[in-house]
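Asker: Questions regarding the structure given below will be posed in turn.
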């Protein structure tokens, strides 16, 4: 990470800790994630990063050992080079190729620089010592992940558009059972609502209409719309 090295009296923990150009110790990880989103948007507007079909997902998360900011680059297209040097999609035969294309490497470097600008790093891997403001990664979305995201979005949309089941109005159901099924109003009124609903459904399944056998349930008669 590039940035100024601060001595302890200026907030640095040690002489090896490096600070990003936009480091601010008063910001939470969630706040930083919001600023990173704004920086990515500005970079796209300036033409420094591809836009249009390419999007950048920024996620802040917390855990017992600290926090992390993960960035997922979606819709980039071919990001890797196979063993023969040909550009390919994100996955092949269920495995990711390790070599990034020049274009993908350039985008990842720019996004990583934006992400690291708010971080600090005084880690020493030789002694297994980790000292960062936040952890995380920058990754390209794989084809499988893109497919799963599309599937889940379609399911959420279908669930959102699914018509809601009407809510039962107990007083109207009591009146309905008494009127159409010749059951005692007092019995219906004092019966547990779940039991009454089940009993009414059973009456229809077994054809126990008593009279008015061709009656239908009009909305508002014994159902109240959600």
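Asker: Compute the distance in nm between two label points, each set 7 Å from the Cα along the Cα-to-Cβ direction, one at residue 63 and one at residue 185.
Answerer: If labels sit at residue 63 and residue 185, their model points lie 6.5 nm apart.
Asker: Quick check: residue separation of residue 172 and residue 203 times 0.36 nm, minus the Cα distance between them. What number comes out in nm?
Answerer: Length gained between residue 172 and residue 203: 9.5 nm.
Asker: Continuing with the same structure: Measuring from label point to label point, each 7 Å out along Cα→Cβ, what is the residue 109 to residue 127 span in nm?
Answerer: So the two model labels end up 3.2 nm from each other.
Asker: So for the pair residue 149, residue 28, with labels modelled 7 Å out along Cα→Cβ, what separation do we get in nm?
Answerer: The answer from the label model is 2.5 nm.
Asker: Taking neighbour counts of Cβ atoms within 10 Å as a proxy for exposure, in what order, fewest first, do 39, 124 appear?
Answerer: Fewest to most other Cβ atoms nearby, the residues stand as 124, 39.
Throughout, read-outs are computed from the coordinates displayed, never taken from laboratory work. Computed from a predicted model, the values in this text were never measured in an experiment. Here Cβ is always computed from backbone atoms with ideal geometry, including for glycine, and neighbour counts include all displayed protein chains.
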